[in-house]
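Below is one structure, written out as structure tokens; comments come after it.
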Amino acid sequence: MKKRFVLVILSLVVCFVTSEAAGKRSGSADGASKANDEKLVKDYVTNPMLWADVPDPDIIRVGDTYYLVSTTMHLMPGAPIMRSKDLKNWETVGYVFDKLTDSPKYDLQEGTVYGRGQWATSLKYHNGRFYALLAPNEAGAMGDTYIFTAEKAEGEWKLLSRMRHFHDCSLFFDDDNRVYVIYGTGEMMELKPDLSDVIEGTHQQLFKREADETGLLEGSRMIKHNGKYYLLMISHVYAPGRHRREVCYRADDIHGPYEKNVILQSPFGGFSYEAQGTIVDTEWGDWYGVIFQDRGGVGRVLTLMPCRWIDGWPMLGDEEGIVPERVRALKSGEPERHIVCADDFGSDKLGLHWQWNHNPVDKAWSLTERSGWLRLKTSRVVPNLYLAPNTLTQRMEGPTCSGSVKLDLTKMKDGDVAGFAAFNDETCGLFIKKNGKKLTLQLNELSVKLTQREKAVESVTEKTVEELKYTGNEVWLRIDADFRPGVGDKATFYYSTDGQQWTQMGSEYRMRFDWQRFFMGSKFAIINYATKRLGGWVDVDAFSYQVSKK
């Protein structure tokens, strides 16, 4: 009897161990593999590190904290500062500036700054202060370089100086406290010690293009490591069989001579080859690269990868030089944080996850006139969405995400247009239109044509896909976005009269990325503007948001 009992126990143990091993081999969704998956999610950064429109990154470490800045062009406030402790969980903690005021274009008057404005900000920390250098992608005085400074990265940032334009530049403080700006294609000038202007006569061309560097060569990021100078740049030769890549120019002296090496040439995730970004170290002496990748309708996303110093070169990617699918997080236990967030508008200050399309009209929005609601008032009679002030946006995220808003339509006036859209130069959205005393709900596709120089709105085409009469005073509008590889950047649109039962309007819409117009990924946009007369408003109860796990 005892022998039979022992045999039964042994059989059960063998069965359990065998089935667990089989489960691990087959990837079955048993408890062990679920725990394994949860551990991977918790302990690893899954690429893209930020599956959202976060182009032209610069990243620095101060103590145990990482700070990241990105391009947001015509969106205000601009030059967002994002913060992380583990290179996985990021949150927006401030902006370098609230508005740019060099021209009425920033106010959507006498032209626009779509696809221009703030570009490729350089972020540095030196002698206890933060510095941000940026140059709008504009001609003339509008393109003059700004240098801002702050005691804390979170702000308040103050304007330190203005000077001539430097394209895609890198601010660099050397060990001897001399200060340089490296820009364009390997050009450099020295700045005065107080950063008030350049030192005339210091312009230098650091290197000559090689024969294979005939295309794009920009996006300067200069760092110093072990006494050597490293200038990282994006290179892209427009020829069959050639790919985008990250190159590095290295020298023992900042003035040269420089030698070049390709440090990354890798596709990733079924999309194009990656380049443009920088490298950063950890407290423990390890290094990482943060490089962006074009991903269509969602925009330009950020990837994280090891940086291995090989023969004195910062080689990016895994052991094979390929962008990895996962990178171990620097530390465990950090709170989950995000750069796109739901919002119940319960605060008297607008969340840092929001940005306005161009400068907002401050008197035309409020978080206090109706507690717990965002009020968007009409402030200017305009012919179309692309000239409408106070369109409020957030990024969309991959692989899939869903955003919805609840609008109170009671105070809309004749000619007012309110709604919720996947906003870009090619836009699709749900629009409530007031005609007389009647409301119409439309699913519309819009496309804007801009003049090349002034970025003025030349024309807007609008196609109504579906419409219906709407009789309620409240409406819920929802957009589901799918950016998974192979799906094609699809947005689907729904409305509800009670926030529970949803009805789809139209079919799937393909979101696009056009570098010649907006040069950005699609954004969630909350909209309200007047086409006939002022005095109306809509109240927004909440923005609900979900993003799928990577």
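Identify the single condition in (1) on the phi > 0 side of the Ramachandran plot; (2) modelled with pLDDT of 50 or more that D64 does not satisfy, given that it satisfies every other one.
Condition (1) is where D64 drops out.
Restricting to the range 73-99, give me the number of residues that are open to solvent by 10 Å² or more (accessible area, probe 1.4 Å), within 18 Å of G351 (Cα to Cα) and in a loop (DSSP other than H, G, I, E, B).
4
What tally of residues in the range 273-301 results from selecting those that are assigned to a strand (DSSP E or B) and either touching a Pro at 6+ places or on another chain (Cβ under 6 Å) or on the phi > 0 side of the Ramachandran plot (or both)?
Total meeting the criteria: 6.
May I ask you to say which residue of A251, A239, A275 is farther than 15 Å from L316 by Cβ, open to solvent by less than 50 Å² (accessible area, probe 1.4 Å) and in contact with a strand residue (DSSP E or B) (Cβ under 8 Å, 6 or more places away or on another chain)?
Going through A251, A239, A275 in turn, just one is farther than 15 Å from L316 by Cβ, open to solvent by less than 50 Å² (accessible area, probe 1.4 Å) and in contact with a strand residue (DSSP E or B) (Cβ under 8 Å, 6 or more places away or on another chain): A251.
For the range 378-409: of the residues being among the charged types (D, E, K, R) and buried (at least 21 other Cβ atoms within 10 Å of the Cβ), which is farthest from M76 (Cα to Cα)?
Among residues in the range 378-409 that are among the charged types (D, E, K, R) and buried (at least 21 other Cβ atoms within 10 Å of the Cβ), the one farthest from M76 (Cα to Cα) is E397.
Would you confirm whether or not the range 471-478 contains a residue that is of a type in the set (K, R), assigned to a strand (DSSP E or B) and closer than 28 Å to G398 by Cα?
Within the range 471-478, one or more residues are of a type in the set (K, R), assigned to a strand (DSSP E or B) and closer than 28 Å to G398 by Cα.
Can you tell me which residue within the range 494-539, out of those that are outside any strand (DSSP E or B) and of a type in the set (D, E), is farthest from V340 (Cα to Cα)?
Looking at residues that are outside any strand (DSSP E or B) and of a type in the set (D, E), I get D498.
If you scan the range 142-163, which residues turn out to be in contact (Cβ under 8 Å) with a residue 12 or more places away in the chain, over 20 Å from G184 (Cβ atoms) and open to solvent by 50 Å² or more (accessible area, probe 1.4 Å)?
Those that are in contact (Cβ under 8 Å) with a residue 12 or more places away in the chain, over 20 Å from G184 (Cβ atoms) and open to solvent by 50 Å² or more (accessible area, probe 1.4 Å): E151, K152, E154, L159, L160.
I'm told M188 meets every condition in (1) open to solvent by less than 40 Å² (accessible area, probe 1.4 Å); (2) within 23 Å of L302 (Cα to Cα); (3) not β-branched (V, I, T) except one. Can you identify the failing condition by its number?
(2)
Just to verify a result, which residue in the range 214-237, among those that are touching a Gly at 6+ places or on another chain (Cβ under 6 Å) and closer than 16 Å to P267 by Cα, is modelled with the lowest pLDDT?
Among residues in the range 214-237 that are touching a Gly at 6+ places or on another chain (Cβ under 6 Å) and closer than 16 Å to P267 by Cα, the one modelled with the lowest pLDDT is V237.
Please work out if H358 is open to solvent by 30 Å² or more (accessible area, probe 1.4 Å) and in contact with a strand residue (DSSP E or B) (Cβ under 8 Å, 6 or more places away or on another chain).
no
Is the range 289-305 home to any residue that is open to solvent by 30 Å² or more (accessible area, probe 1.4 Å) and more than 20 Å from the chain's Cα centre (by Cα)?
no
Q452 is checked against (1) outside any strand (DSSP E or B); (2) modelled with pLDDT of 95 or more; (3) among the polar types (S, T, N, Q) and fails just one. What number does that condition carry?
So Q452 meets the others, but not (2).
Could you grab me the full set of residues in the range 410-449 that are buried (at least 21 other Cβ atoms within 10 Å of the Cβ) and either assigned to a loop (DSSP other than H, G, I, E, B) or at pLDDT below 95 (or both)?
Passing the criteria: M412, N424, D425.
Filter the range 100-141 down to the residues that are modelled with pLDDT of 95 or more, open to solvent by 20 Å² or more (accessible area, probe 1.4 Å) and either more than 22 Å from N357 (Cα to Cα) or not in a loop (DSSP other than H, G, I, E, B) (or both) and list them by number.
P104, K105, D107, K124, Y125, H126, N127, G128, R129, Y131
Out of the residues in the range 254-272 that are in a loop (DSSP other than H, G, I, E, B) and either free of Cβ contacts under 8 Å to residues at least 12 places away in the same chain or not polar (S, T, N, Q) (or both), which is surrounded by the most Cβ atoms within 10 Å (Cβ to Cβ)?
Only one residue tops the list, namely I254.
L87 - would you say it is of a type outside the set (S, T, N, Q), closer than 30 Å to R453 by Cβ and over 12 Å from the mean Cα position of the chain (by Cα)?
no
Given the criteria among the polar types (S, T, N, Q), farther than 28 Å from L387 by Cβ and either in contact with a helix residue (DSSP H, G or I) (Cβ under 6 Å, 6 or more places away or on another chain) or modelled with pLDDT under 95 (or both), does S496 qualify?
no
Please work out which one of (1) hydrophobic (A, V, I, L, M, F, W, C); (2) modelled with pLDDT of 95 or more; (3) in a loop (DSSP other than H, G, I, E, B) is the condition A211 fails and give its number.
The one condition A211 does not meet is (2).
Would you confirm whether any residue within the range 46-68 is assigned to a strand (DSSP E or B) and closer than 21 Å to F271 by Cα?
Yes, the range 46-68 contains a residue that is assigned to a strand (DSSP E or B) and closer than 21 Å to F271 by Cα.
The values are calculated or read from the model by the stated rules, or taken from the named source; none is laboratory data. None of these values were measured; they are calculated from a predicted model. Cβ atoms come from the backbone with ideal geometry, glycine included; neighbour counts cover every protein chain shown. Only protein heavy atoms, including side chains, enter the accessible area calculation; ligands, DNA and RNA are left aside. Shrake-Rupley method; radii C 1.70, N 1.55, O 1.52, S 1.80 Å.
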